[in-house]
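See structure below.
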Amino acid sequence: MSSSSKLADWAARNKNLIIAATAVTVVGGAAATYYYQASATPSTAADKKSKKSKKSKKKKAGTSADNSGPSPLLEELSPEDRDKAAQEYKSKGNKLYQQHEWEQAAVNYSKAIESSTKPEAVFYSNRAACYNNLGQYNKVLDDCNAALNLDSEYVKALNRRAQAYEQLGNLTDALNDFTAATIIDQFRNDSASKSVERVLKKLAESKAKTILESRGEKLPQISFIQAYLNAFRERTPTAIPEGAGAGDLDLAAALKASQDKDFSLAKEKVEQSLIKGLSSTELEAEALNLRGTFYFLLNSPAKAIADLERSVELSPSFTQSWVKAASVYMELAKPQDAFKAFDTAIEKNPADADAFYHRGQVYFILSDFSKAIENYEKSVEIDNTFPLAQIQLAVAHYKNGNIGKAMAIFRSSINKFPQKSDVYTYYGELLMDQGKFEEAVEKFDKAIALDQDRYPVNVLPKINKALAIFQWKQDFVGAEALVREAVTSDPDNDVAIGTLAQLCLQQGKIDEAIEAFEKSAQVSRTEPELVNAITYENATRAQAHFIKNHPNAAAKLGPLAQSMGA
């Protein structure tokens with residue numbers, strides 16, 4: 001598997017650790033203990049008010065957060081009696097709250113606020129809980145603000161304010177409060193952590209939708225396109241006849257531009273060829289295959305499927321179009337349709353090594369490594385000159401628990417393909433996974449040397465080397481320098497940008513991490529990739545907000561981060 005997928009897996013497993021490590025890097029400090037208890041679930045049906053409660057509100061003084069002071073009768077009581085009365089009103093409010101008498105409970109909490117000789121955060125927070133259940137979310141905000149002005153680390157008030165913000169559609173503020181409450185509570189409450197994830201998901205999906213609606217057609221970075229094309233064996237395209245017409249000549253120009261890695265020109269020319277018309281069904285099938293490929297790269301799967309299916313209608317033996325259609329179906333999360341396409345390709349051409357290789361890829365993605373191995377082996381049996389099939393065969397054996405077999409295949413592949421950098425890159429990944437960092441770095445250096453004059457530049461071995469020295473020596477500086485070199489070489493490479501963001505995050509370079517996550521969103525090709533980048537960006541922003549606004553609480557995370565393995 002690539003370092004990008006490993007990085008995503010690591011981040012998914014260590015969300016809380018990332019937050020704790022970020023905070024401790026910035027501030028350090030001693031531990032604190034808080035207990036978080038989620039407030040009652042807001043009721044959307046509780047907006048209706050009884051006539052009795054309306055009359056009570058008119059008669060009672062001091063029932064709002066901005067009460068100006070106690071009534072004349074309260075002023076006649078001693079401070080001790082006033083505070084005693086406040087506690088009695090609070091106790092009565094608690095009982096009414098437990099009975100779901102939200103309005104009467106709020107009245108008693110208001111009396112507690114009015115009676116007390118000094119402001120009590122709990123009175124405001126408890127009244128906010130009542131307003132939350134009544135669906136009066138602006139009042140929730142007012143009371144939580146009052147409570148947090150008195151105690152900025154009051155977890156219940158933070159959670160209640162977050163719930164109100166979420167109900168009002170202010171997702172950024174909701175995320176900030178849920179994040180603060182979760183960190184202050186030291187990640188001990190699963191409900192709080194799930195609230196962070198829920199709001200992050202809403203926020204990221206909303207932003208992603210807006211970005212995708214405003215984004216025009218744009219091909220991904222050249223290195224991504226080339227990597228996709230390299231996943232297919234080289235084939236000789238349909239020959240252009242002598243005396244070819246304008247459409248045929250445009251197709252020839254498109255194929256030439258693609259070979260020269262001028263993919264924008266290739267896309268333009270293949271569009272023109274189909275508009276002008278081609279002289280044979282075989283040439284039209286060739287053009288539809290190429291345009292369908294570009295539609296896939298542009299993240300337009302419906303258009304891609306239409307072109308690829310039309311391609312095989314015109315030329316049923318053109319099995320590459322079936323294989324590419326299977327790839328599109330997988331991106332649409334339709335594995336059964338993908339397998340049908342593979343079956344058709346193999347039925348049309350049982351000797352299509354690519355069909356077996358890519359079907360193996362699908363089984364690999366589905367973690368069915370035994371079936372992946374069967375398909376990779378068949379692909380290699382048909383054609384043993386394609387290094388990627390042997391690389392993936394080795395990795396599948398490794399994932400299936402047969403480490404010895406995997407390493408043997410890699411050693412054999414190095415002898416067979418000594419000038420192919422991919423063999424050294426992925427072999428190095430397996431060595432790194434086993435903790436053999438010195439050997440891994442040696443393999444990555446070999447891959448870097450082989451790729452130094454390649455266009456587009458392959459930055460994966462440099463990224464892998466950065467991850468290796470980070471894990472091996474905890475060398476943040478060296479790792480970051482290598483990744484920045486990779487970003488300079490391939491500025492739109494999503495793997496390099498994502499790795500840089502994570503390294504900055506772990507070093508507490510919050511602003512730089514946010515900048516990298518923003519860039520990651522810009523270069524994301526698919527909606528899931530975009531959502532993932534926006535999720536990390538907003539999670540990091542929420543952590544930065546927490547550190548800025550809760551420095552005392554952030555300083556208490558040092559021992560917590562250590563206990564979590566930071």
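The values are calculated or read from the model by the stated rules, or taken from the named source; none is laboratory data. Keep in mind it's a predicted model, so treat the numbers as computed, not measured. When we count neighbours, we look across all protein chains shown, and the Cβ atoms used for this are built from the backbone with ideal geometry, even at glycine.
Across the range 316-328, a minimum of one residue is classified as of a type outside the set (Lys, Arg) and in contact (Cβ under 8 Å) with a residue 60 or more places away in the chain. Residue by residue through the range 308-342, note down the ones that are of a type in the set (Gly, Ala, Ser) and either within 30 Å of the chain's Cα centre (by Cα) or outside any helix (DSSP H, G or I) (or both). Answer for the range 308-342, where residues must be of a type in the set (Gly, Ala, Ser) and either within 30 Å of the chain's Cα centre (by Cα) or outside any helix (DSSP H, G or I) (or both): Ser315, Ser317, Ala325, Ala326, Ser327, Ala333, Ala338, Ala341.
Scanning the range 201-231 for residues that are surrounded by fewer than 18 Cβ atoms within 10 Å (Cβ to Cβ) and over 30 Å from Tyr357 (Cβ atoms) gives Lys201, Lys202, Glu205, Ser206, Lys209, Thr210, Ile211, Leu212, Glu213, Ser214, Arg215, Gly216. Considering the range 498-524, the residues that are charged (D, E, K, R) and part of a helix (DSSP H, G or I) include one that is surrounded by the most Cβ atoms within 10 Å (Cβ to Cβ), namely Lys519.
Quick check on Ala468: is it over 13 Å from the mean Cα position of the chain (by Cα), among the small types (Gly, Ala, Ser), within 19 Å of Thr179 (Cα to Cα) and assigned to a helix (DSSP H, G or I)? Criteria not met by Ala468.
Looking at Phe294, Phe339, just one residue is buried (at least 23 other Cβ atoms within 10 Å of the Cβ) and of a type outside the set (Gly, Ala, Ser), and that residue is Phe294. Annotation: Glu234 fulfils all but one of (1) buried (at least 20 other Cβ atoms within 10 Å of the Cβ); (2) at pLDDT below 95; (3) not hydroxyl-bearing (Ser, Thr, Tyr); the unmet one is (1).
Cβ-Cβ contacts under 6 Å between residues 6 or more apart (or on different chains), taken from a first residue in the range 107-135 that is assigned to a helix (DSSP H, G or I) to a second residue that is of a type in the set (Val, Ile, Thr) and surrounded by fewer than 22 Cβ atoms within 10 Å (Cβ to Cβ), are listed as Ser110/Thr63.
Yes or no, residue by residue, for (1) assigned by TED's automatic domain parsing to the domain that holds Asn230; (2) surrounded by fewer than 24 Cβ atoms within 10 Å (Cβ to Cβ); (3) farther than 18 Å from Arg233 by Cα; (4) at pLDDT 95 or above:
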residue	(1), (2), (3), (4)
Glu268	yes, yes, yes, yes
Glu286	yes, no, no, yes
Thr344	yes, yes, yes, yes
Ala355	no, no, no, yes
Arg359	no, no, no, yes
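For the range 493-527, name all the residues that are charged (D, E, K, R), closer than 17 Å to Lys207 by Cα and free of Cβ contacts under 8 Å to residues at least 40 places away in the same chain. Glu515, Glu518, Lys519 - these are the residues of the range 493-527 that are charged (D, E, K, R), closer than 17 Å to Lys207 by Cα and free of Cβ contacts under 8 Å to residues at least 40 places away in the same chain.
Taking the criterion of being touching a helix residue (DSSP H, G or I) at 6+ places or on another chain (Cβ under 7 Å) and farther than 15 Å from Lys416 by Cα, the residues of the range 394-403 that qualify are Val395, Ala396, His397, Tyr398, Lys399, Asn400.
Within this structure, Ser300 passes the test of being modelled with pLDDT under 95, under 33 Å from the mean Cα position of the chain (by Cα) and among the hydroxyl-bearing types (Ser, Thr, Tyr). Here the range 91-106 is the region considered, the condition is being of a type in the set (S, T, N, Q) and in a helix (DSSP H, G or I), and the residue that is farthest from Asp81 (Cα to Cα) is Gln98. Between Tyr165, Tyr124, Tyr109, Tyr97, the distinction of being modelled with pLDDT of 95 or more, farther than 30 Å from Glu76 by Cα and among the aromatic types (Phe, Trp, Tyr) belongs to Tyr165 only.
Scan the range 424-451 residue by residue and report those that are small (Gly, Ala, Ser) and not in a helix (DSSP H, G or I). Across the range 424-451, the qualifying residue is only Gly435. Taking the stated definitions as given, is Arg198 of a type outside the set (A, V, I, L, M, F, W, C), surrounded by fewer than 22 Cβ atoms within 10 Å (Cβ to Cβ), outside the structural domain of Asn149 (by TED's automatic domain parsing) and over 27 Å from Leu134 (Cβ atoms)? Criteria not met by Arg198.
Do we find that Ser115 is under 24 Å from Phe178 (Cα atoms) and at pLDDT 85 or above in this structure? Here the answer is no, as Ser115 does not meet what is asked. Consider the range 498-529 and keep the residues that are of a type in the set (Ser, Thr, Tyr) and at pLDDT 90 or above. The one that is farthest from the chain's Cα centre (by Cα) is Thr499.
Where the second residue is part of a loop (DSSP other than H, G, I, E, B) and the first is under 19 Å from Asp451 (Cα atoms) and lies in the range 472-490, which pairs have Cβ atoms under 6 Å and are six or more apart or on separate chains? Once the first residue is under 19 Å from Asp451 (Cα atoms) and sits in the range 472-490, its partners that are part of a loop (DSSP other than H, G, I, E, B) give Ala486/Val459; Ser489/Val457; Ser489/Val459; Asp490/Val457; Asp490/Val459.
Number of residues in the range 337-385 that are under 16 Å from Ala406 (Cα atoms), touching a residue at least 24 places away in the same chain (Cβ under 8 Å) and among the aromatic types (Phe, Trp, Tyr) equals 2. For the range 406-421, a residue qualifies if it is aliphatic (A, V, I, L, M) and either exposed (fewer than 13 other Cβ atoms within 10 Å of the Cβ) or over 18 Å from Ala449 (Cα atoms) (or both), and the qualifying residues are Ala406, Met407, Ala408, Ile409. The lone criterion from (1) part of a helix (DSSP H, G or I); (2) under 28 Å from Thr179 (Cβ atoms); (3) at pLDDT below 95 left unmet by Glu153 is number (1). Kindly evaluate Lys443 against the criterion of being without any contact (Cβ under 8 Å) to a residue 24 or more places away in the chain, charged (D, E, K, R) and crowded, with 17+ Cβ neighbours inside 10 Å. Considered against the rule, which asks whether it is without any contact (Cβ under 8 Å) to a residue 24 or more places away in the chain, charged (D, E, K, R) and crowded, with 17+ Cβ neighbours inside 10 Å, Lys443 comes out as yes.
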